[in-house]
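Structure, as structure tokens:
The values are calculated or read from the model by the stated rules, or taken from the named source; none is laboratory data. If you're wondering where the values come from, they're calculated on a predicted model, not measured in any experiment. In this analysis, Cβ positions are derived from the backbone assuming ideal geometry, glycine residues included, and neighbour counts consider all displayed protein chains.
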Amino acid sequence: MNIKELKKNLSFILKPGVKQTITPMIHGKPGIGKSDAVRQICKQLSTETNIKYDFIDLRLSQLESSDLRGIPVPDIDKGIAKWLPPEFLPFEGVEKFKGTHGILLLDEMNRARTDVLQAAFQLVLDRRVGLHKLLDSWFIVAAGNLGLEDGTDVNEFDSALNNRFIHFTVSENLDDWIDWARKSEIHSDIITFIQSKPNMLYYEIKEEADIFVTPRSWEKFSDILKANKDVDPIDITTSLGPSILNGVAGHFRKFLESKEIISPKDILFDYNSKINQGNLKKKVKMLSRDQIYALNSELVDFIAKNINDKITSKKLEKALKNIYNYCKDNLEKDIYIAFMQSLTKACNNTKSNFIDEYLKKFQDESKLIIKILSSKE
């Protein structure tokens, strides 16, 4: 399943005010977005209930059993030892968690040490570790890697334990990632590159351990590009790309170097201009299929963010005609369909009025677009 389907399924299980009866176990490759999906469920619950839901991401592979069980402290008067709970877990009696709600993610569960696993199993099965009981207002979700399929060392759970979970296996999905990337303002060059080379979203050559990149890698690299807006992305990719994007850095650098300088503004407002028409149209005709995909992605982002009800009617009219002619002159049917799907989605997400106005203006065209979009739903 994809991340979108995962979040939908999690929302059926993690219901505010309802006691959790089964623990979701999410399986997936490293960096695919498992923990981020759970974090988004927290935000969703906070919005729906008007109650703040906190999120704790506990990496079990980095813990010792005492991190979950707490430590024994002697009570000399009674001649016994009491176990003090860890301060970072939402157990009853821990003052900082009094009255709180949230989700505790037991991440990398199948990579934890045996003694840690035993404590985690009790937390999953009984919602307690020793005498420490988890607050009823907190949900538990577990996550882990695939093992042989993604080249990670994991501990296999026995059938009795597996039966205590509801298992979800997630895989990468380009459309979901593009939607998320736009909302999260991932660097536009990265989005356009992934759209033109979708196999690079999660890329690995198992025989060569250094050629490995995940959606999380792209997010980290996007943060660096955005933090250095005054630096050429090619220079950053040359310097840091091999350390973050590994074997894919060369492909991304080649993409940046081959980008044709045609801005979304050129297409949107000057495509039919008599002054620039010949030169601009000639440039577009010289673009490769990959470069057309890249330009389309930039157009979608620009339109969704900048064309709204504040734009003048004259400017909107010009943009509508330009996009119509650009599509008619340059886009093959499959690229046209993909472009219209992306544009519709992006306009709906940002509440841009562009696609609605486009459908109104070009009636014959709109019937085809609606048919295409309906058949893809």
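Filtering the stretch 11-42 down to residues that are of a type in the set (K, R) and part of a helix (DSSP H, G or I), which residue is farthest from I178 (Cα to Cα)? Give the derivation first.
Start the filter on the stretch 11-42 by keeping residues that are of a type in the set (K, R), which leaves 15, 19, 29, 34, 39.
This time we only want the ones that are part of a helix (DSSP H, G or I), so: 34, 39.
Values: K34: 16, R39: 18 Å.
The residue in question is R39.
Of the listed requirements (1) in a helix (DSSP H, G or I); (2) touching a residue at least 40 places away in the same chain (Cβ under 8 Å), I337 misses just one: (2).
Taking the stated definitions as given, is L45 assigned to a strand (DSSP E or B) and at negative phi? The answer is no for L45.
As a summary of the residue check, G93 satisfies the conditions (1) surrounded by 13 or more Cβ atoms within 10 Å (Cβ to Cβ); (2) over 25 Å from K220 (Cβ atoms); (3) touching a residue at least 12 places away in the same chain (Cβ under 8 Å) except for the one numbered (1).
Restricting the stretch 165-181 to residues that are farther than 19 Å from I337 by Cβ and not hydrophobic (A, V, I, L, M, F, W, C), the residue that is nearest to the chain's Cα centre (by Cα) is E172.
Pick out the one residue from D107, D115 that is surrounded by fewer than 17 Cβ atoms within 10 Å (Cβ to Cβ), at negative phi and acidic (D, E).
Details: D107 fails: surrounded by fewer than 17 Cβ atoms within 10 Å (Cβ to Cβ).
After applying the criteria, what remains is D115.
Pull up the stretch 290-313, narrow it to residues that are among the charged types (D, E, K, R) and not in a helix (DSSP H, G or I), then point me to the one that is surrounded by the fewest Cβ atoms within 10 Å (Cβ to Cβ). Before the answer, list the steps.
Initial filter on the stretch 290-313 (among the charged types (D, E, K, R)): 290, 298, 301, 305, 309-310.
Subsequent filtering for residues that are not in a helix (DSSP H, G or I) retains 309-310.
Details: D309: 9, K310: 7.
That would be K310.
Please count how many residues of the stretch 131-140 are free of Cβ contacts under 8 Å to residues at least 60 places away in the same chain and crowded, with 19+ Cβ neighbours inside 10 Å. Before you say what the answer is, go through the steps one by one.
Filtering the stretch 131-140 down to residues free of Cβ contacts under 8 Å to residues at least 60 places away in the same chain leaves 131, 133-135, 137-138.
Okay, now just the ones that are also crowded, with 19+ Cβ neighbours inside 10 Å, so 134-135, 138.
The total comes to 3.
Of the candidates V18, V38, the single residue that is among the hydrophobic types (A, V, I, L, M, F, W, C) and farther than 25 Å from F157 by Cβ is V18.
On the given criteria, is R216 basic (K, R), more than 21 Å from D290 (Cα to Cα) and out of contact with any helix residue (DSSP H, G or I) (no Cβ under 7 Å at 6 or more places or on another chain)?
Taking the combined requirement at face value, the residue satisfies it.
Just one of the listed residues (L287, L280, L240, L320) is of a type outside the set (G, A, S), in contact (Cβ under 8 Å) with a residue 24 or more places away in the chain and part of a helix (DSSP H, G or I), and it is L320. Among the residues of the stretch 72-97, those that are in contact with a strand residue (DSSP E or B) (Cβ under 7 Å, 6 or more places away or on another chain) and aliphatic (A, V, I, L, M) comprise V73, A81, L84.
Those strands (runs of 3 or more DSSP E) of the stretch 58-148 in which at least 1 residues are among the β-branched types (V, I, T) and over 20 Å from R39 (Cβ atoms), considering only elements entirely within it, cover 71-75, 80-84. Considering each residue of the stretch 216-235 in turn, at least one proves to be over 23 Å from K305 (Cα atoms), among the β-branched types (V, I, T) and at pLDDT 85 or above. Evaluating R128 against the criteria (1) exposed (fewer than 12 other Cβ atoms within 10 Å of the Cβ); (2) under 24 Å from L10 (Cβ atoms); (3) not hydrophobic (A, V, I, L, M, F, W, C) leaves one unmet condition, (1).
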